[in-house]
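The values are calculated or read from the model by the stated rules, or taken from the named source; none is laboratory data. None of these values were measured; they are calculated from a predicted model. Cβ placement follows ideal geometry from the backbone for every residue including glycine, while neighbour counts extend to all protein chains displayed.
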2 protein chains.
Amino acid sequence: MRPSIKQVALEAGVSIATVSRLLNKPDSVSIDSASRINQAIEVLGFRPNFTGRNLRAGRSRTVGVVVPTLSNTVFAQCLQGVETAARQRDYSVMFTATEYRQQDESAAVELLLAHRVDGIILTVTNADASSTLDVLDRERIPYVLVYNQPQQTARPSVSVDNRAAAHEAVSHLINLGHIRIQMLSGQFHASDRALQRYHGYRQAMHEHGLQVLTPIEIPRHTYAALSSEHLQIFRDPLRRPSALFCSNDLLALSVMRDLRAIGLRVPDDVSVMGFDGIPLGELMDPMLSSVAQPSEQIGKLALRTLVRAIEEPQDGQGPASTQLLPHTVRLGGSVRTFHS
Amino acid sequence: MRPSIKQVALEAGVSIATVSRLLNKPDSVSIDSASRINQAIEVLGFRPNFTGRNLRAGRSRTVGVVVPTLSNTVFAQCLQGVETAARQRDYSVMFTATEYRQQDESAAVELLLAHRVDGIILTVTNADASSTLDVLDRERIPYVLVYNQPQQTARPSVSVDNRAAAHEAVSHLINLGHIRIQMLSGQFHASDRALQRYHGYRQAMHEHGLQVLTPIEIPRHTYAALSSEHLQIFRDPLRRPSALFCSNDLLALSVMRDLRAIGLRVPDDVSVMGFDGIPLGELMDPMLSSVAQPSEQIGKLALRTLVRAIEEPQDGQGPASTQLLPHTVRLGGSVRTFHS
DNA sequence: ATGAAAGCGCTAACAT
DNA sequence: ATGTTAGCGCTTTCAT
């Protein structure tokens, strides 16, 4: 066993209370005791044990983070932002991924709660219907959603306005002359933001009197290959869309590769618009057009919001609110004008 | 305060020991008590408090992870691998980033140790000269390095053979006819693997009697732009290398963008080889040639190794060893043959 | 300024 | 099968 304040106290010839005082408010300890204790700490290689401290305090200065995957850069960047902001405030971060499995969300949260994290930052499958969030609400555990943008429920969250952003991106494609615009997405039931983006797409199409096409829904939200059926459609100039609006950049880049593989050129044969604005998109040739989200900022703001909720438990004051951060439609060479 | 086993015991009309037993070895509790306790747990919304358990047990079933950044996908993938493997074994993960700052490494580790993590998975600046690792060695804290490949010291690690891998990649370029091959890297002093890759480069060049060129060393290991001085060199067909070997894929993709910006074509004017094999490299056009590391596997193996060390403290048995995982030189269109 | 002591939640040894 | 109890490391009254 490593040394505790007990052995330090013994070594320094003081009581454990005095050691604890030196650790917490050094001013309340005589200069003499202080130096003896510090020496004892040095000699023994003492390191405070947060487990004891936390048990006593009922707090852990630790926050939990639950996201679907780190394979998608946005979540990695967000986690990065959370961690940076947490470290600045002397908070630690416990991390979990769910692989987009809804049933894993509750297990992950349960585990974090057992560890007595002070709060949780998370992205769930569906923020408006989540038993996991119900639990957190009921037990008054501070939490902040990231990327989710609850519509029906008042839940603290940080995101961009998915629908408006998608609307803006699709409107841009329409303004470029595109008429057959189709959405490409992972399973909608696994991502409420993807669905919201679809709503934005649909709204834009409606507003311009354009036909809403059935989205291409593929099994995964990360690297995915188009099925041969879908490829078959793309081979037909009359059946394929002239522009694709993808629910995220990974899918956009994947489909661009697939299109190249069957001899189609981006943007000449098909324009491609992504969502997320991952840094690597800017390095592509052609550069990926995308709706950029400030992922690291989302993480930082979520952490700040969470810490505020943790440290100022003024409870239900002011309804839980969605914080919308600005998005930017980033234009690159993957999109061009369309002339019929 | 949330309910503890104490209130559960009270509610169920049993002693706290019985509650604890139900939680740990349910078989040792009568069917009658069990149901009463379970009901009490339900009613009170009891959730075990790991803080108490950990304090008592002297273990936390938590591992710490320290990497330079999540901006580089390799570390995100590795963390993903660690987390997946940890969850399978009912371990939790505490995560920290250092931004390549050596001084942040020790602070991060100190914090993790205060939290009494059972072990640490980390990537350090220099695995052969790290006071942080010295501390872990001295205090017998189980740890496993990832990506680092210690040369002088016997330290547990999981990585590819950086030198051999670089040697192989550069030899490939040489076999394609390249003569002026230059390395592009972030600061060597911030990454021992980058330096090892340079050694591999140098060895390959020597073996073929080719001139070792001074590496282009740029400030950051992630997204970086070439300085105008360097760009000037690339504008001159006689001074620029015909092939670039980059210490990681982020730099490779960045430099490809910079080269395009000044009108050079990859691979026609300059061939580019990366390192890491990030998934997005395969989606590029031309596809990025790279030395692929099995990042997720590295994370998983590191976690398995760490857990073994934690749970079977057979101490210094068998010297700490480096586990080398196979790399693959992935060939893509970013590299072509060179004819003088 | 310092010490004694209680107690945070839990497990395990011991007793019954 | 169950209860009693000590103690993990720490902070914080309450005394002195």
Residue match in region B:214-230 (condition: of a type in the set (Val, Ile, Thr) and at pLDDT below 95): yes
Qualifying position, being farther than 30 Å from A:Ala190 by Cβ and either free of Cβ contacts under 8 Å to residues at least 60 places away in the same chain or touching a strand residue (DSSP E or B) at 6+ places or on another chain (Cβ under 9 Å) (or both), among A:Thr73, A:Thr96, A:Thr84, A:Thr18: A:Thr18
Odd one out for A:Ile41, checked against (1) touching a residue at least 24 places away in the same chain (Cβ under 8 Å); (2) at the interface with chain B (Cβ under 7 Å from one of its Cβ atoms); (3) part of a helix (DSSP H, G or I); (4) among the hydrophobic types (A, V, I, L, M, F, W, C): (2)
Search result, residues across region B:27-37 that are more than 8 Å from DNA strand D (Cβ to nearest atom) and in contact with a helix residue (DSSP H, G or I) (Cβ under 8 Å, 6 or more places away or on another chain): B:Arg36, B:Ile37
Any hit, region A:106-120, residues being outside any helix (DSSP H, G or I), within 16 Å of DNA strand C (Cβ to nearest atom) and more than 11 Å from every other protein chain (Cβ to nearest Cβ): yes
Test result for B:Ile5, under 20 Å from A:Leu113 (Cα atoms) and aliphatic (A, V, I, L, M): yes
Enumeration of residues in region B:282-325 that are closer than 29 Å to B:Asp268 by Cα and of a type in the set (A, V, I, L, M, F, W, C): B:Leu283, B:Met284, B:Met287, B:Leu288, B:Val291, B:Ala292
Filter pass, B:Leu70 being within 14 Å of another protein chain (Cβ to nearest Cβ), within 8 Å of DNA strand D (Cβ to nearest atom) and either among the aliphatic types (A, V, I, L, M) or exposed (fewer than 15 other Cβ atoms within 10 Å of the Cβ) (or both): no
B:Ile41 being aliphatic (A, V, I, L, M) and within 9 Å of DNA strand D (Cβ to nearest atom): no
Exclusive hit being under 22 Å from the mean Cα position of the chain (by Cα), modelled with pLDDT under 95, assigned to a helix (DSSP H, G or I) and not assigned by TED's automatic domain parsing to the domain that holds B:Asp192, set B:Gln77, B:Gln103: B:Gln103
Residue match in region A:98-110 (condition: surrounded by 19 or more Cβ atoms within 10 Å (Cβ to Cβ), within 26 Å of B:Ile141 (Cα to Cα) and polar (S, T, N, Q)): no
Condition check for A:Asn126: touching a residue at least 24 places away in the same chain (Cβ under 8 Å) and within 22 Å of the chain's Cα centre (by Cα): yes
Residues within region A:29-38 that are within 9 Å of DNA strand C (Cβ to nearest atom) and either within 14 Å of chain B (Cβ to nearest Cβ) or within 43 Å of the chain's Cα centre (by Cα) (or both), tallied: 0
Set A:Asn49, A:Asn24: member being within 10 Å of DNA strand D (Cβ to nearest atom) and at the interface with another protein chain (Cβ under 7 Å from one of its Cβ atoms): A:Asn49
Matching option when the condition is closer than 30 Å to A:Met94 by Cβ and assigned by TED's automatic domain parsing to the domain that holds B:Asp249, among B:Ser191, B:Ser185: B:Ser191
Per-region count, region B:48-62, residues more than 7 Å from DNA strand C (Cβ to nearest atom) and surrounded by fewer than 19 Cβ atoms within 10 Å (Cβ to Cβ): 2
All positions within region B:1-29 that are assigned to a helix (DSSP H, G or I), among the polar types (S, T, N, Q) and under 19 Å from B:Thr51 (Cα atoms): B:Gln7, B:Ser20, B:Asn24
Where a residue in region A:1-14 is within 14 Å of chain B (Cβ to nearest Cβ) and within 8 Å of DNA strand D (Cβ to nearest atom) and its partner, wherever it lies, is outside any helix (DSSP H, G or I) and at pLDDT 95 or above, with Cβ under 7 Å and at least six apart: A:Met1/B:Gly58; A:Arg2/A:Arg47; A:Pro3/A:Gly45; A:Pro3/A:Phe46; A:Ser4/A:Asn49
Matching residues, region A:227-265, being within 13 Å of chain B (Cβ to nearest Cβ), in contact with a strand residue (DSSP E or B) (Cβ under 8 Å, 6 or more places away or on another chain) and not in a helix (DSSP H, G or I): A:Cys246, A:Asn248
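Results for (1) under 19 Å from the mean Cα position of the chain (by Cα); (2) surrounded by 18 or more Cβ atoms within 10 Å (Cβ to Cβ); (3) closer than 20 Å to A:Ile121 by Cβ, shown as yes or no for each residue.
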| position | (1), (2), (3) |
| --- | --- |
| A:Thr132 | yes, yes, yes |
| A:Asn162 | yes, yes, yes |
| A:His172 | no, yes, no |
| A:Ser191 | yes, yes, yes |
| A:Val212 | no, no, no |
The lone exception for A:Ala204 - which of (1) in a helix (DSSP H, G or I); (2) of a type in the set (A, V, I, L, M, F, W, C); (3) out of contact with any Ser or Thr (no Cβ under 7 Å at 6 or more places or on another chain); (4) not assigned by TED's automatic domain parsing to the domain that holds A:Gln88 it fails: (3)
Check on B:Leu210, touching a residue at least 12 places away in the same chain (Cβ under 8 Å) and either out of contact with any strand residue (DSSP E or B) (no Cβ under 7 Å at 6 or more places or on another chain) or away from every other protein chain (no Cβ under 14 Å) (or both): yes
Some residue of region A:195-208 being closer than 30 Å to A:Ile121 by Cβ, among the aliphatic types (A, V, I, L, M) and within 17 Å of the chain's Cα centre (by Cα): yes
